[in-house]
1. Out of curiosity, is R181 in contact (Cβ under 8 Å) with a residue 12 or more places away in the chain and surrounded by fewer than 20 Cβ atoms within 10 Å (Cβ to Cβ)?
2. Open to solvent by 10 Å² or more (accessible area, probe 1.4 Å) and within 23 Å of S37 (Cα to Cα): does that describe D149?
3. Look at region 61-80 and say how many of its residues are assigned to a helix (DSSP H, G or I) and buried (at least 20 other Cβ atoms within 10 Å of the Cβ).
4. If I filter region 3-17 for residues that are part of a loop (DSSP other than H, G, I, E, B), open to solvent by 10 Å² or more (accessible area, probe 1.4 Å) and modelled with pLDDT of 95 or more, do I get at least one hit?
5. Have a look at D58, D83 and point out the one that is among the charged types (D, E, K, R) and open to solvent by 30 Å² or more (accessible area, probe 1.4 Å).
6. Can you find even one residue in region 82-89 that is farther than 22 Å from H131 by Cα and in a helix (DSSP H, G or I)?
7. What's the total number of residues in region 19-43 that are in contact (Cβ under 8 Å) with a residue 12 or more places away in the chain, in a loop (DSSP other than H, G, I, E, B) and open to solvent by 60 Å² or more (accessible area, probe 1.4 Å)?
Amino acid sequence: MNAGPLIGFGQGRHTRLRPVRHAFAYPSAFLMLPMRSLRHSPCPALARNCFALLSFHDRDHGDGGPDCLAWLEALLQAEGIADADGEVWLHTYPRLLGYAFKPVSFWYCHRADGTLAAIVVEVNNTFGERHCYLLSGPRLRYGAELEADKVFHVSPFCRVEGRYRFRFLRTAPDAAVHPHRTVVRTDHDDAQGPLLQTSVSGELQPLTAAAARRAFWGASVTSFGLIARIHWQALRLWLRRVPFFRKPDAPDAFVSR
């Protein structure tokens, strides 16, 4: 895989199956950052920890400290994952004009041979809370369906119960056959079966100043648009009388496996 920073242009999808069907899709732009490569070779096209049209800030992740990769490495060590000695790719939304809301980010932690040692799914809700789901074990690989119990409140229209089913795909760049592309699918099942189906996908290209400007000026992909869409879709669900649930306390543990 290309060890330089990438930017993705694609689409996010969300489908609610019950008690009423509610589906929408929206254009999306996101970053795919090789964090260990960036530690040694910063990218001139990536504005990091500073104000810019499009930027990345370490404190938006983990414990909010100045080095989010150091936080991740400490998390892996604390969880007994010692073989993630390859590249760490962070799939996340950028800041636009210094602002960002990041519902979810994905940390792909590889071994030196390129296989996956762990994936950390970092989730933020609109109440300023954060939780991480750590996926690991012998079934971990691109294309496999992975599961985690839901323990963190995200939407007032869903109880904190059931499980998530994740599937991660990433193709290598080969212009003659297919583009460099990533897909993440996250489905939520409760006791009655499938409830929510979501995905984010896009084609990846090298992060350049021109690509960053394209992401910024695409009005539909700004972080401002993302938070506005979240509240608009919540209003539509409320008007359709979808049950509303009060927010429970956040889980005691910051990481669940």
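1. yes
2. No; evaluated as a whole, the condition is false for this residue.
3. Here the count works out to 4.
4. Looking through region 3-17, at least one residue is part of a loop (DSSP other than H, G, I, E, B), open to solvent by 10 Å² or more (accessible area, probe 1.4 Å) and modelled with pLDDT of 95 or more.
5. Being among the charged types (D, E, K, R) and open to solvent by 30 Å² or more (accessible area, probe 1.4 Å) holds for just one of D58, D83, which is D83.
6. no
7. 1
Per-residue answers, yes or no, for (1) open to solvent by 30 Å² or more (accessible area, probe 1.4 Å); (2) over 30 Å from L53 (Cα atoms); (3) not charged (D, E, K, R):
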residue	(1), (2), (3)
Y93	yes, no, yes
P138	yes, yes, yes
E161	yes, yes, no
R167	yes, yes, no
A172	yes, no, yes
T186	no, no, yes
L196	no, yes, yes
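The values are calculated or read from the model by the stated rules, or taken from the named source; none is laboratory data. This is a predicted model, so every value here is computed, not measured. Cβ atoms come from the backbone with ideal geometry, glycine included; neighbour counts cover every protein chain shown. These accessible areas exclude ligands, DNA and RNA; they are computed on the full protein's heavy atoms, side chains included. Shrake-Rupley method; radii C 1.70, N 1.55, O 1.52, S 1.80 Å.
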